[in-house]
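A short write-up of the structure that comes next.
The values are calculated or read from the model by the stated rules, or taken from the named source; none is laboratory data. None of these values were measured; they are calculated from a predicted model. Please note: Cβ atoms are built from the backbone with ideal geometry, for glycine as well, and neighbour counts cover all protein chains shown.
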Amino acid sequence: METLVCEGLSKDYGKLRALDRVDLRLEEGKIVGLLGPNGSGKTTLIKLAARLLVPSEGNVTICGEVPSEKTKAIVSYLPDRNFLPEYMNGEELVAMYKDFFADFDENRAYEMLGSLDIDLKMPLRKMSKGTKEKVQLILTMSRKAKLYLLDEPIAGVDPAARDYILRTIISNYDENATVLISTHLIADVENVLDEAIFLKQGRVILHKSVDEIKESTGQSVDEYFREVFAC
């Protein structure tokens with residue numbers, strides 16, 4: 001089954017075309033890397049799928065539905081910046097997610113938070129940047145969603161935190177779901193990816209399985225990415 005479908009999808013910000021006639025079809029059960037340099041349109045594409053933006057042209061569907069309140073119930077979105085109330089602690093954040101999302105697995109969230117020895121009474125504002133990133137990801141991945149949209153989940157955290165974040169992603173998504181990870185840190189994520197999408201100036205210039213890329217180029221995804229996007 002196709003989870004995310006884009007057909008001629010474009011987004012303009014005034015005279016700037018951030019996304020240009022994108023055609024994509026993502027199947028369930030896949031972890032897909034949305035790869036490109038800064039300004040390539042990654043966040044715009046994710047925000048269109050999350051219903052935070054409206055297309056200028058074309059359309060996007062989630063499990064056959066145009067983004068709406070209905071699709072928000074099956075899409076779990078992690079923005080590229082902190083979005084949680086800084087005054088809330090771990091217990092309060094879990095309770096908030098439980099109230100907001102019918103598919104939120106409270107036990108899964110507490111299990112992952114416990115594995116990190118996070119003080120659930122500590123307000124978010126007192127946590128380190130890396131710990132905040134982990135808490136946000138845990139809450140996002142504790143939903144039993146059909147589509148996970150993760151915008152730069154490993155940017156700005158240390159290598160050890162990146163390893164934890166990637167392990168959390170691959171071990172906590174349903175086999176019938178799709179995970180779309182936006183990043184420019186290719187080497188850190190390519191080992192968990194099934195497919196890779198290269199975005200350049202708002203256009204999809206490649207969409208293949210990781211195995212196909214390696215076999216056809218004789219390079220890792222990171223090496224091929226560096227070649228394609230060389231200055």
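Could you tell me which residue of the range 135-156 is surrounded by the fewest Cβ atoms within 10 Å (Cβ to Cβ), considering only residues that are over 14 Å from Arg108 (Cβ atoms) and free of Cβ contacts under 8 Å to residues at least 60 places away in the same chain? Among them, the one singled out is Gly156. For the range 157-201, the tally of residues that are in contact with an Asp or Glu (Cβ under 7 Å, 6 or more places away or on another chain), of a type in the set (Gly, Ala, Ser), surrounded by 14 or more Cβ atoms within 10 Å (Cβ to Cβ) and not in a loop (DSSP other than H, G, I, E, B) stands at 2. When you look at Leu116, is it surrounded by fewer than 18 Cβ atoms within 10 Å (Cβ to Cβ), under 22 Å from the mean Cα position of the chain (by Cα) and modelled with pLDDT under 95, yes or no? Taking the combined requirement at face value, the residue satisfies it.
Exactly one residue out of Leu24, Leu19 is buried (at least 22 other Cβ atoms within 10 Å of the Cβ) and in a strand (DSSP E or B): that is Leu19. Restricting Ile170, Ile165 to those that are closer than 24 Å to Thr3 by Cβ and in contact with a Pro (Cβ under 6 Å, 6 or more places away or on another chain) reduces the list to Ile165. Residues that are closer than 24 Å to Leu48 by Cα, of a type in the set (D, E, K, R) and either within 12 Å of the chain's Cα centre (by Cα) or not in a strand (DSSP E or B) (or both) within the range 124-156 comprise Glu133, Lys144, Lys146, Asp151, Glu152, listed in sequence order. Contact map, the range 161-175: residues that are under 20 Å from Glu195 (Cβ atoms) paired with residues that are loosely packed, with under 13 Cβ neighbours inside 10 Å and at pLDDT 80 or above, Cβ distance under 6 Å, separation 6+ or inter-chain. No pairs are found. Exactly one residue among Met96, Met1 is modelled with pLDDT of 95 or more, surrounded by fewer than 17 Cβ atoms within 10 Å (Cβ to Cβ) and of a type in the set (A, V, I, L, M), and that residue is Met96.
Once the range 177-231 is narrowed to residues that are without any contact (Cβ under 8 Å) to a residue 60 or more places away in the chain and under 24 Å from Leu16 (Cα atoms), the residue that is farthest from the chain's Cα centre (by Cα) is Cys231.
Identify all residues within the range 48-67 that are crowded, with 16+ Cβ neighbours inside 10 Å and without any contact (Cβ under 8 Å) to a residue 60 or more places away in the chain; write none if there are none. Once the filter is applied, which keeps residues that are crowded, with 16+ Cβ neighbours inside 10 Å and without any contact (Cβ under 8 Å) to a residue 60 or more places away in the chain, the range 48-67 yields Leu48, Arg51, Leu53, Pro55, Gly58, Val60, Thr61, Pro67.
Filtered by the rule that a residue be assigned to a helix (DSSP H, G or I), touching a Lys or Arg at 6+ places or on another chain (Cβ under 8 Å) and crowded, with 17+ Cβ neighbours inside 10 Å, the range 202-231 gives a lone residue, Val221. Only one of the numbered conditions (1) acidic (Asp, Glu); (2) surrounded by 13 or more Cβ atoms within 10 Å (Cβ to Cβ); (3) over 18 Å from the mean Cα position of the chain (by Cα) is not met by Asp80, and that is (3).
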